[in-house]
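Shown next, in structure tokens, is the structure this report addresses.
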Amino acid sequence: MLTLSPEQRRQLRAQAHSLNPVVAIAQEGLSAAVLKEIEVCLKAHALIKIRVYNDDRAAREDCLKGICETLSAAPVQHIGKLLIIWRPRPETEVHAQKTAAKSGRRTKRSYQ
């Protein structure tokens, strides 16, 4: 699990404010399919919101901890039924986007 400084956490919370949840965790809980979808979203966006449809705060905390440990992500915030997590993008993808931007080409994910 990654750790963030208070300054990094504050900046990421500000960035996440306008985001909508991209994954929902329902009655089945944290299944392999849900983890796979979170992995896909983290690769695409790096910072995501997850909605957990569970009234038990301890269960939501366990979900947050499980996600972050399994996917090597950092917990940014847990507020109500929303979880915000972040994982840095791989350097190869970031480098490819910067190179494409300099040359004027668009990459597959240059819309961000």
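The values are calculated or read from the model by the stated rules, or taken from the named source; none is laboratory data. Everything numeric here is computed off the predicted structure, so don't read it as measured data. Heads up, the Cβs are rebuilt from the backbone with ideal geometry, glycines too, and the neighbour counts pull from every protein chain shown.
Might you let me know whether region 10-18 holds any residue that is under 10 Å from the mean Cα position of the chain (by Cα) and assigned to a helix (DSSP H, G or I)?
Checking region 10-18: at least one residue is under 10 Å from the mean Cα position of the chain (by Cα) and assigned to a helix (DSSP H, G or I).
I'd like the full set of residues that are free of Cβ contacts under 8 Å to residues at least 40 places away in the same chain and either part of a strand (DSSP E or B) or farther than 12 Å from I79 by Cβ (or both), limited to region 42-60. First the steps, then the outcome.
First, pick out the residues of region 42-60 that are free of Cβ contacts under 8 Å to residues at least 40 places away in the same chain: 47-60.
L47, I48, K49, I50, R51, V52, Y53, N54, D55, D56, A58, A59, listed by residue number.
Yes/no per residue for (1) at pLDDT below 95; (2) exposed (fewer than 14 other Cβ atoms within 10 Å of the Cβ):
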| position | (1), (2) |
| --- | --- |
| R10 | no, yes |
| C41 | no, no |
| H45 | yes, no |
| I50 | no, no |
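For residues that are surrounded by fewer than 16 Cβ atoms within 10 Å (Cβ to Cβ) and not acidic (D, E), tally how many sit in region 55-70.
The qualifying residues number 6.
List every residue pair whose Cβ atoms sit under 8 Å apart, with the two residues 6 or more apart in sequence or on different chains, where the first one lies in region 19-33 and is within 18 Å of H45 (Cα to Cα) and the second, anywhere, is assigned to a loop (DSSP other than H, G, I, E, B).
Close Cβ pairs satisfying both conditions: A24/Y53.
Report the residue count in region 66-92 for those that are assigned to a strand (DSSP E or B) and either in contact with a Cys (Cβ under 9 Å, 6 or more places away or on another chain) or within 19 Å of D56 (Cα to Cα) (or both).
Final tally of qualifying residues: 9.
Against the condition at pLDDT 95 or above, among the hydrophobic types (A, V, I, L, M, F, W, C), surrounded by 13 or more Cβ atoms within 10 Å (Cβ to Cβ) and farther than 28 Å from E91 by Cβ, how does I25 come out, does it pass?
When the stated conditions are applied, I25 passes them.
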